[in-house]
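Derivation of every value follows stated rules applied to the coordinates shown; laboratory data play no part. If you're wondering where the values come from, they're calculated on a predicted model, not measured in any experiment. Cβ placement follows ideal geometry from the backbone for every residue including glycine, while neighbour counts extend to all protein chains displayed.
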Amino acid sequence: MSAAMLVSPIALIVAGPFADSFGIQPWFIIAGLSCIAMGILGFFIPDVMNIENRAKEESDNVAVQPS
């Protein structure tokens, strides 16, 4: 079971009462702003920015053994 599957019921527990109280539109605005913030935050995390470079370095370091 993945972490996303575990978080989904918790999110529904929060989203349901919030949508009942304030409506669906504010929930979508908050969710959209959260997605934008996480996307921007990714630019400031070195491991995320260099993930392709690291994969290339690791593949270059792999030695091929003759059969």
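At R0 = 30 Å, how high is the FRET efficiency between Asp47 and Phe18 if r is their beta carbon distance? Nearest 0.05 is fine. Don't jump to the answer; show the numbers that get you there.
Values: r = 32 Å, r/R0 = 1.08.
That gives a FRET efficiency of 0.40.
For Gln25 and Val7 in the same chain, what is the full-extension length gain: residue separation times 0.36 nm, less their Cα-Cα distance, in nm?
On the way: separation 18, 0.36 × 18 = 6.48 nm, distance 2.16 nm.
Value of the extension gain: 4.3 nm.
Rank by packing, highest mean first: peptides 20-30, 37-47, with packing defined as the count of other Cβ atoms within 10 Å averaged across residues. Walk me through the numbers on the way to the answer.
Values: 20-30: 11.0, 37-47: 9.0.
Going by the mean number of other Cβ atoms within 10 Å, highest first, we get 20-30, 37-47.
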